[in-house]
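Each value in this text was obtained by applying a stated rule to the coordinates, not by laboratory testing. Treat the numbers as computed from the prediction; the structure is a model and nothing was measured. In this analysis, Cβ positions are derived from the backbone assuming ideal geometry, glycine residues included, and neighbour counts consider all displayed protein chains.
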Amino acid sequence: MKMDEYIHAKQDELKTWERAVESKGLELTEGLTAKREEVMKRLDALKHETNDRWDVVRMGFESAWAELKTAFETVTSKDLNAKN
C-alpha cells in the first residue's frame, strides 16, 4: 500500500470509530481525545516523511494506533443499559 493510501485509510477508519461512538450517544472521554490527538500528530508526521524514514516513523504510529483502537473498542462496547 502506498503512503498516501495508507494515511487515507487510517483517516477513514478513525472517522468510522468516531461515528460509532456518536451513534451510541456517547462522547469521547478526555483520555480518548488525548490519544486521538497523539495519533493525529503522528499521522501528520507520516505525511512529511521521506520513503527511507517512513517505515521507522510508521512503527511508532502503529503502536499509538493500536492503543487508540483498543480505547475506541472499549468505549463502543459499553452496554448503555447496564447498571453501574
Using θ = phi - 60° and the Karplus curve 6.51 cos²θ - 1.76 cosθ + 1.60, what whole-Hz ³J(HN,Hα) does each residue of segment 23-30 get, with Gly and Pro shown as x?
5, 8, x, 9, 10, 5, 6, 4
For a quick check, take a GNM of the chain with Cα springs below 10 Å and name the residue from Glu30, Glu73, Glu49 with the largest mean-square fluctuation.
Glu30
Column: log10 I(q)/I(0), Debye, Cα scatterers of the chain, q = 0.17, 0.24 Å⁻¹:
-0.70, -1.17
Could you compute the net charge surrounding Glu38? Neighbours are other residues with a C-beta less than 12 Å from the C-beta of Glu38; K and R count +1, D and E count -1.
+1
Spin-label model distance (nm) - Met1 vs Thr50, 7 Å beyond Cα toward Cβ:
2.5
Remind me, relative contact order of the chain in percent, using alpha carbon pairs under 8 angstrom and six or more residues apart?
37
Let me check I've understood the local charge: for Asp12, count other residues with C-beta under 12 angstrom from its C-beta, Lys and Arg +1, Asp and Glu -1. What total comes out?
0
Estimated [θ] at 222 nm from DSSP helical runs (n ≥ 4, -39500 (n - 2.57)) normalised by residues in the chain, nearest 500
-27000 deg cm²/dmol
